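Quick notes on the structure that follows.
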Amino acid sequence: MRPTSHFLSRVAVFAVVVAALLVSSCGGQQGLATCKSDAECQTGYSCLSGVCGVPAASTCPNNQTSCNGACVDAESDGANCGSCGHACDPGLVCSNGTCQAACAPGLTKCGASCVGTQSDAANCGACAAACPKGQACAAGKCACPPSEQACNGACAGIGSDPNNCGACGTVCSGNNIPVRTCASGACNGTCAAGTTNCDNTKQLNGCNVATANDPNNCGGCGIVCSANNMGTRTCAGGVCNGTCVAGFADCDGNKQTNGCEIATATDPNNCGACGVTCSGATPFCQSGACAASCTTPPFTACGNACVDTTADPLNCGACGAGCTPTQLCITGKCACAAGATRCGDTCVHVDSDPLNCGACGNACGAGEPCVSGACACTGALAACKNGCANLGSDPANCGACGRACGAGQQCISGACKCPTGETFCNGSCHELANDHDNCGACGNACAAAQVCARGQCAATCGRRETTCNGACVNLNGDPQNCGACGVACGPGQSCRRGACICGAGFVPCGGNCVDPLNDPGNCGACGKACPGNQVCAGGTCACDTGQTVCGGLCTDTATDPTNCGGCGKPCMPGGVCRAGACVCGPETNLCGSACVDVLTDPANCGGCGKACPKFQYCVNGSCQP
């Protein structure tokens, strides 16, 4: 007689207690041993929250039960038939949770168990033919769920997986993104405070701009702090700031729009300082002081201002002949500073300007930096016509720039491939086993009254199959037609006995199936999100190789100017971080604790500490009136 469920539950509890005592007395403390994976625990135990123990029933996939440390299917397990510990007698098999002499119709005997080889992931198509992790069994063949694709031997939802976003191997950047997300195949995620993405390429560089201190994106993308008569442009807290060159001042408090707009050396309304007006017997302003007339040479009266038309960028060569904000006035002519090139009305450095790389108008593609006058992509990216691309995973540039994959194909290791179980036919991927128009082979269309069953055109479907849009499917195991035609299972789910459940390696969480070993939003357990831009590896939150956690975010201390060589070690103003050490960037020199351009800085003109006299400019490293 079959024991009652109450008695069995008491037996199961007693067995677990006895097993724990036996393990504890036989060498010990295994039930309390620390671990990183199940392999470090004794047989029958799992690694749970870093400790070897018996898994709770909630950790087993749907329709499975935890029996003495193992997740089993009580509907078919001959050692736990119907409930834990209820073993079938020799010669009997477990079918639908009861011990019987033979398997029920549609089930196959595998050892002492009766399984549906058309849908059982552990016995797919034949006994002991187990599907890889994450794959489901449909029509006796292992395949990823409908919403996922096989990426390097594992199933991935390319519509939502930040490590395979839009295509296999397309990894969303974690740069200043606390939690990486992928939606509809596009990288997304909320930027860390004070940062944003200004080039619409979160996949390549994440939130690449610190709007709190970037003078070219101060307070928001494209908000450029003016360079007008500015010795040093800075941005602090999203507000433009910086120092004015000698002889100029910011009298309207708006350094974002017009920088240092007043020439206090010559302006009769702001002579020497903002608001100082020249009038009466001394109506002219010369060298920052009110005067009765202009002294010549070199000064010329332009209105009531005494200016040097050989060096004044507002009156260069003649009164009112102003230079552009990026130009200097040299010997009465507007010109760019040494090392810069004039492109239109702007002076640029063609060796580093991505909009004028190597020559005026030669713009680099999206995400491409300009290095030594040439557009160059970094890391594993290649320079293609429309920007930097990963030739190993980009379906628009698969294996080579411009080589696009067909409909439904993915780019894997530089080759266009259809998902597992499908074949490329006439520009798109098809499942030849049940495709009415490509039945068994590309272009082999069945007659209108026929159906495609296992790659053969037939009049009717086989036993336990149903016709869905001209294809023969098993409603008990087809994840695209689960329980009824057109009822597709969700991401990470498989179809079992006409119901959608989570596949092997996935657990239910908030209505979705998630992989707790790799999902940064549910790392190790449902709802346990990794902090900052950390990734989830083996159920543990961690930074990528070579990165360090600084302030909750993963960063490369070898290149991060805010954490150079270690957390909280910022570089000096104008400095860059190389190999963990702060150095000055191109065309600048270290003077004291800041990187400056000795060709234009009036406080360090021609060398550190060489300050120009009041109201003089620094032109090509030489002080000029």
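Can you run down the residue pairs with Cβ atoms below 7 Å, 6 or more apart or on separate chains, where the first is in segment 172-193 and at pLDDT below 85 and the partner is aromatic (Phe, Trp, Tyr) and surrounded by 17 or more Cβ atoms within 10 Å (Cβ to Cβ)? Note: no pairs meet the criteria.
I'd like the full set of residues that are at pLDDT 85 or above and in a loop (DSSP other than H, G, I, E, B), limited to segment 302-322. Let's see the steps before the verdict.
Going through segment 302-322, the residues at pLDDT 85 or above turn out to be 302-310, 315-322.
The answer is 303, 304, 309, 310, 315, 316, 317, 318, 319, 320, 321, 322.
Examine segment 269-279 for a residue that is closer than 18 Å to residue 618 by Cα, aliphatic (A, V, I, L, M) and exposed (fewer than 15 other Cβ atoms within 10 Å of the Cβ), and state whether such a residue exists. Let's see the steps before the verdict.
Narrowing segment 269-279 to residues closer than 18 Å to residue 618 by Cα: none.
No, segment 269-279 has no match at all.
Given the condition in contact (Cβ under 8 Å) with a residue 60 or more places away in the chain and of a type outside the set (Val, Ile, Thr), answer yes or no: does some residue in segment 265-285 qualify? Checked segment 265-285: at least one residue is in contact (Cβ under 8 Å) with a residue 60 or more places away in the chain and of a type outside the set (Val, Ile, Thr). The single condition from (1) at pLDDT below 80; (2) open to solvent by 40 Å² or more (accessible area, probe 1.4 Å); (3) more than 17 Å from residue 156 (Cα to Cα) that residue 518 fails is (3).
Looking at segment 171-185, which of its residues are closer than 20 Å to residue 529 by Cα and either open to solvent by 30 Å² or more (accessible area, probe 1.4 Å) or out of contact with any Lys or Arg (no Cβ under 6 Å at 6 or more places or on another chain) (or both)? Within segment 171-185, 171, 173, 175, 176, 177, 178, 179, 180, 181, 182, 183 meet the criteria.
Determine if segment 605-616 includes at least one residue that is in contact with a Cys (Cβ under 6 Å, 6 or more places away or on another chain), surrounded by fewer than 20 Cβ atoms within 10 Å (Cβ to Cβ) and among the hydrophobic types (A, V, I, L, M, F, W, C). Explain how you work it out, then say what you get.
First, pick out the residues of segment 605-616 that are in contact with a Cys (Cβ under 6 Å, 6 or more places away or on another chain): 605, 608, 612, 616.
Now narrow it down to the ones that are surrounded by fewer than 20 Cβ atoms within 10 Å (Cβ to Cβ): 608.
Of the ones still in play, those that are also among the hydrophobic types (A, V, I, L, M, F, W, C) are 608.
Scanning segment 605-616, I find at least one residue that is in contact with a Cys (Cβ under 6 Å, 6 or more places away or on another chain), surrounded by fewer than 20 Cβ atoms within 10 Å (Cβ to Cβ) and among the hydrophobic types (A, V, I, L, M, F, W, C), so the answer is yes.
When residue 536 is tested against the conditions (1) at pLDDT 75 or above; (2) surrounded by fewer than 21 Cβ atoms within 10 Å (Cβ to Cβ); (3) out of contact with any strand residue (DSSP E or B) (no Cβ under 7 Å at 6 or more places or on another chain), the lone failure is (2).
May I ask you to say which residue of 447, 404, 400 is open to solvent by 50 Å² or more (accessible area, probe 1.4 Å), under 21 Å from residue 171 (Cα atoms) and either outside any strand (DSSP E or B) or touching a strand residue (DSSP E or B) at 6+ places or on another chain (Cβ under 6 Å) (or both)?
404
Looking only at segment 480-509, filter to residues that are in a loop (DSSP other than H, G, I, E, B), of a type outside the set (Gly, Ala, Ser) and open to solvent by 40 Å² or more (accessible area, probe 1.4 Å); which one of those is modelled with the highest pLDDT? Restricting to residues being in a loop (DSSP other than H, G, I, E, B), of a type outside the set (Gly, Ala, Ser) and open to solvent by 40 Å² or more (accessible area, probe 1.4 Å), the top hit is 485.
It is to be established whether one or more residues within segment 381-395 are at pLDDT 85 or above and buried (at least 17 other Cβ atoms within 10 Å of the Cβ).
Residues of segment 381-395 that are at pLDDT 85 or above, as a first pass: none.
Within segment 381-395 (the criterion being at pLDDT 85 or above and buried (at least 17 other Cβ atoms within 10 Å of the Cβ)), the answer is no, since none of the residues qualifies.
Restricting attention to segment 416-427, report how many residues are farther than 15 Å from residue 149 by Cα and open to solvent by less than 50 Å² (accessible area, probe 1.4 Å). Residues that pass the stated criteria total 2.
Applying the selection to segment 230-276, what residues are more than 43 Å from the chain's Cα centre (by Cα) and aliphatic (A, V, I, L, M)? Those that are more than 43 Å from the chain's Cα centre (by Cα) and aliphatic (A, V, I, L, M): 246, 249, 262, 263, 265, 273, 276.
Answer yes or no: is there a residue in segment 362-374 that is over 19 Å from residue 170 (Cα atoms), in contact with an Asp or Glu (Cβ under 9 Å, 6 or more places away or on another chain) and at pLDDT 85 or above. No; the residues of segment 362-374 include none that is over 19 Å from residue 170 (Cα atoms), in contact with an Asp or Glu (Cβ under 9 Å, 6 or more places away or on another chain) and at pLDDT 85 or above.
Residue check: is residue 440 open to solvent by 40 Å² or more (accessible area, probe 1.4 Å) and in a loop (DSSP other than H, G, I, E, B)? Judged against the criteria, residue 440 is a match.
Would you point out the residue of segment 186-211, among those that are of a type in the set (Gly, Ala, Ser) and either open to solvent by 40 Å² or more (accessible area, probe 1.4 Å) or not in a loop (DSSP other than H, G, I, E, B) (or both), that is nearest to residue 242 (Cα to Cα)? Reasoning before the result, please.
To start, the set of residues in segment 186-211 that are of a type in the set (Gly, Ala, Ser) comprises 186, 189, 192-194, 206, 210.
With either open to solvent by 40 Å² or more (accessible area, probe 1.4 Å) or not in a loop (DSSP other than H, G, I, E, B) (or both) added as a condition, the list becomes 186, 193, 210.
Working: 186: 38, 193: 23, 210: 17 Å.
Checking each candidate, the answer is 210.
Of the residues making up segment 329-339, those that are open to solvent by 30 Å² or more (accessible area, probe 1.4 Å) and either modelled with pLDDT under 80 or touching a helix residue (DSSP H, G or I) at 6+ places or on another chain (Cβ under 8 Å) (or both) are 338, 339. For residue 222, the conditions (1) modelled with pLDDT of 85 or more; (2) open to solvent by 40 Å² or more (accessible area, probe 1.4 Å); (3) farther than 23 Å from residue 612 by Cβ all hold with the exception of (1).
Where residues in segment 544-586 are part of a strand (DSSP E or B) and of a type outside the set (A, V, I, L, M, F, W, C), which of them is farthest from the chain's Cα centre (by Cα)?
So, considering only residues that are part of a strand (DSSP E or B) and of a type outside the set (A, V, I, L, M, F, W, C), the one farthest from the chain's Cα centre (by Cα) is 575.
For segment 241-262, enumerate the residues that are in contact with a Pro (Cβ under 9 Å, 6 or more places away or on another chain) and either of a type in the set (D, E, K, R) or open to solvent by less than 20 Å² (accessible area, probe 1.4 Å) (or both). Within segment 241-262, 242, 247, 259 qualify. In segment 405-434, the residues that are on the phi > 0 side of the Ramachandran plot reach residues that are among the basic types (Lys, Arg) with C-beta atoms within less than 7 angstrom, at least six apart or across chains, in these pairs: 421/141.
Do any strands (runs of 3 or more DSSP E) entirely within segment 77-163 hold 2 or more residues that are among the polar types (S, T, N, Q) and either modelled with pLDDT of 80 or more or out of contact with any Asp or Glu (no Cβ under 7 Å at 6 or more places or on another chain) (or both), and if so, which? Outline the logic, then answer.
Numbers: elements: 93-95, 98-100, 108-110, 113-115, 136-138, 141-143, 149-151, 154-156.
So the answer is 98-100.
Pairs linking a residue in segment 331-353 that is in contact (Cβ under 8 Å) with a residue 24 or more places away in the chain to a residue that is of a type in the set (S, T, N, Q) and open to solvent by less than 30 Å² (accessible area, probe 1.4 Å), with Cβ atoms under 9 Å and 6 or more positions apart or on different chains, are 337/327; 349/356.
The values are calculated or read from the model by the stated rules, or taken from the named source; none is laboratory data. All values derive from a computational prediction rather than experimental measurement. Ideal geometry is used to build each Cβ from the backbone, glycine not excepted, and the neighbour counts take in all protein chains shown. These accessible areas exclude ligands, DNA and RNA; they are computed on the full protein's heavy atoms, side chains included. Shrake-Rupley method; radii C 1.70, N 1.55, O 1.52, S 1.80 Å.
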